[in-house]
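Working notes, beginning with the structure itself.
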């Protein structure tokens with residue numbers, strides 16, 4: 001069982017927006033503004049899409065945005081495109097012993 | 001081009017050992033913190049271990065005492081010594097550049113299969 005909880009699936013039509021949630025605890029998501037999101041296409045390595053809750057690395061489209069409220073972080077993908085279809089994982093810094101925790105992943109389907 | 005390339009994966013017997021390597025090209029590893037992250041077949045991501053630029057080390061509970069992370073800045077490389085391997089260690093193992101409290105650059109991964 002993953003430390004962070006994500007819905008197993010999400011979907012939307014091209015051009016629409018979809019939001020994926022990531023729920024942790026007061027010891028990880030709720031404590032630190034160090035939530036990141038990763039996109040993984042089949043048989044590929046994950047790619048960083050969002051870090052420090054809201055920041056986008058260079059080259060990531062501004063259609064991807066992140067937010068956080070309490071123990072829950074969210075990734076919103078606006079203007080869905082076919083290539084957005086992938087698995088998305090959230091991660092949070094957790095400090096102390098186990099530094100990092102991941103969510104179980106959400107499969108995003110573009111209808 | 002900035003790239004991380006893992007090697008050393010393969011088939012190991014339960015109780016056996018493997019040593020994974022991760023070589024960097026296009027940049028120097030010495031200034032970065034590094035991690036190993038794995039993904040079991042059809043499963044999610046799991047953080048395993050961290051080593052800072054000054055060699056401060058952390059491990060996940062699942063591998064502490066069995067796996068050892070190390071780095072050789074002269075060889076621009078990261079390593080993971082895996083001992084006492086179990087079937088549940090079967091996974092793709094990724095080395096990752098850790099910066100700004102996120103996993104910024106990932107290698108392509110190397111597959112480890114633990115089976116008799």
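Every read-out reported here was derived from the displayed coordinates using simple, explicitly stated rules and does not represent laboratory data. The structure presented is a predicted model; accordingly, all values stated were derived computationally and were not measured. Virtual Cβ from ideal backbone geometry, glycine too; neighbours counted across all protein chains shown.
How large is Rg over Rh for the protein assembly as shown, taking Rg from the Cα atoms and Rh as the Kirkwood inverse mean of 1/r across Cα pairs?
Using Cα coordinates only, the ratio equals 0.96.
Averaging sequence separations of C-alpha pairs under 8 Å and six or more residues apart, then dividing by the length of region B:71-116, give the relative contact order as a whole percent.
Relative contact order, region B:71-116: 35 percent.
Mind pulling the per residue volume of the convex hull built on the Cα atoms of region B:26-116? Å³ is fine.
108 Å³
Cα convex hull of region A:28-89: mean projected area in nm², to one decimal?
Seen from a random direction, the Cα hull of region A:28-89 projects 4.3 nm² on average.
In the protein assembly as shown, what percentage of the DSSP-assigned beta bridges are antiparallel, given to the nearest 5?
In the protein assembly as shown, DSSP labels about 90 percent of beta bridges as antiparallel.
Using per-residue counts of other Cβ atoms within 10 Å, averaged over each peptide, order B:63-75, B:96-108 from highest down.
In decreasing order of mean packing, B:63-75, B:96-108 become B:96-108, B:63-75.
Roughly how large, in nm² to one decimal, is the mean projection of the convex hull of the alpha-carbon atoms in chain A?
One quarter of the hull surface, i.e. the mean projection, equals 6.6 nm².
Which whole-number percent gives the relative contact order of region B:39-116, counting Cα pairs below 8 Å spaced six or more residues apart?
Result for region B:39-116 is 23 percent.
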